[in-house]
1. Looking at segment 104-141, which of its residues are in a helix (DSSP H, G or I), within 21 Å of the chain's Cα centre (by Cα) and within 16 Å of the ligand (Cβ to nearest atom)?
2. If I ask for residues that are part of a loop (DSSP other than H, G, I, E, B) and either of a type in the set (A, V, I, L, M) or away from the ligand (no atom under 12 Å from the Cβ) (or both), which ones from segment 217-227 would you list?
3. Could you tell me which numbered condition residue 49 fails, if it satisfies all but one of (1) surrounded by fewer than 14 Cβ atoms within 10 Å (Cβ to Cβ); (2) within 21 Å of residue 204 (Cβ to Cβ)?
4. Going by the structure shown, is residue 279 more than 15 Å from the ligand (Cβ to nearest atom) and at pLDDT 95 or above?
5. Please go through (1) more than 11 Å from the ligand (Cβ to nearest atom); (2) within 16 Å of the chain's Cα centre (by Cα); (3) surrounded by fewer than 17 Cβ atoms within 10 Å (Cβ to Cβ) for residue 187 and return the number of the only condition it doesn't satisfy.
6. Restricting the search to segment 270-291, which residues are surrounded by fewer than 19 Cβ atoms within 10 Å (Cβ to Cβ) and either among the aliphatic types (A, V, I, L, M) or in contact with an Asp or Glu (Cβ under 8 Å, 6 or more places away or on another chain) (or both)?
7. Looking at this structure, is residue 147 in contact (Cβ under 8 Å) with a residue 40 or more places away in the chain, crowded, with 24+ Cβ neighbours inside 10 Å, assigned to a helix (DSSP H, G or I) and out of contact with any helix residue (DSSP H, G or I) (no Cβ under 6 Å at 6 or more places or on another chain)?
Amino acid sequence: MYLQRRNRILRKTPAIRAMVAETILTPNDFIVPLFIDEGKGQQHEIPSMPGYYRRSIDGTVKEVKELWSLGIRSVLLFIKCRDELKDNTGREAWNPNGLMQESIRAIKDAVPDIVVMTDVALDPYSSYGHDGIVENGEIVNDPTVEALVKMSLSHADAGADFVAPSDMMDGRIGAIRQALEENGYTQTGIMAYSAKYASCFYGPFRDALDSAPGFGDKKTYQMDYANRIEAIKEAQMDVEEGADIVMVKPALPYLDIIREVKDAVEVPVSAYNISGEYAMIKAAAKMGWINEEKAILETLTSIKRAGADLIATYFAKDAARLLNK
Ligand code: PBG
């Protein structure tokens, strides 16, 4: 058989494959979500996220040091708010001595060079478990944006490098950017959850923070999974309003959206490989149905190949260890 071109030549050996690989994953690509609890010496495994923990600040700081030593450069903080502190205004979210603010300070103290990002949304603080303030059964946009501005300023004040609004209210990026400027936080970045879909895959996360909505769902603010043009619009608007990084979330069911957003904007794009995506791989691996390590690397590489410059993932530590081998 005479063939002018034989594609298998480039797949012949591991060395050749490594030489021509188009997508290279590194620990620098990862953002590690961390769940933080009150107290000392606390460590709770999240039942729907086996191998993933919610820790008090002391344990979190230890974890961050280890992440840094593995080559990971960024963490994304979430806190679990005590029930007594929850209300409809979410005011605990901008308590200067709140759990989030203390966590930011403790982490920046211990590992000053790590990039600390913080989730900005009211759901962990809301007695309704919604990302915004509720009036007459509705999640009201503009009063919520005012609350998110206060929350962002308090995170910036505590030393956050990036605030990451995950609430999907209209106009919040512009309002946060303006407030950061007006208050002298000219070095604080914004990673906008721009295309955040109303997804069933957030379930395990809501277990981790006890933040499931008390009524209804999040479909009046998070996006409809049937849509793609809307994702581009959201991302472009967030860039215009001052976002430094835009995010697509979830990742795996939305690889097409990651690519389209990447092609449409000129800022880095991140993708969030969310809790349900983690749980699916863990469950299948536990059953012996897939090889966990291979599934992790294939999944994360696919998200990067789709166009993500950064990936928020619960697999970051495992993946960094595998990549460092
Ligand atoms: C809250 C928030 C959610 C996640 C990140 N920030 C859940 C939600 O919108 O209900 C999900 C993360 C995950 O599932 O891993 N605003």
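The values are calculated or read from the model by the stated rules, or taken from the named source; none is laboratory data. Owing to the predicted nature of the structure, the values given are computational and were not obtained by experimental measurement. So basically every Cβ, Gly included, is an ideal-geometry build from the backbone, and we count neighbours across all protein chains shown.
1. Listed by number, the residues that qualify are 123, 124, 125.
2. Listed by number, the residues that qualify are 220, 224, 225, 226, 227.
3. Every listed condition holds for residue 49 apart from (1).
4. No; evaluated as a whole, the condition is false for this residue.
5. (2)
6. 280, 283, 284, 285, 287, 290
7. yes
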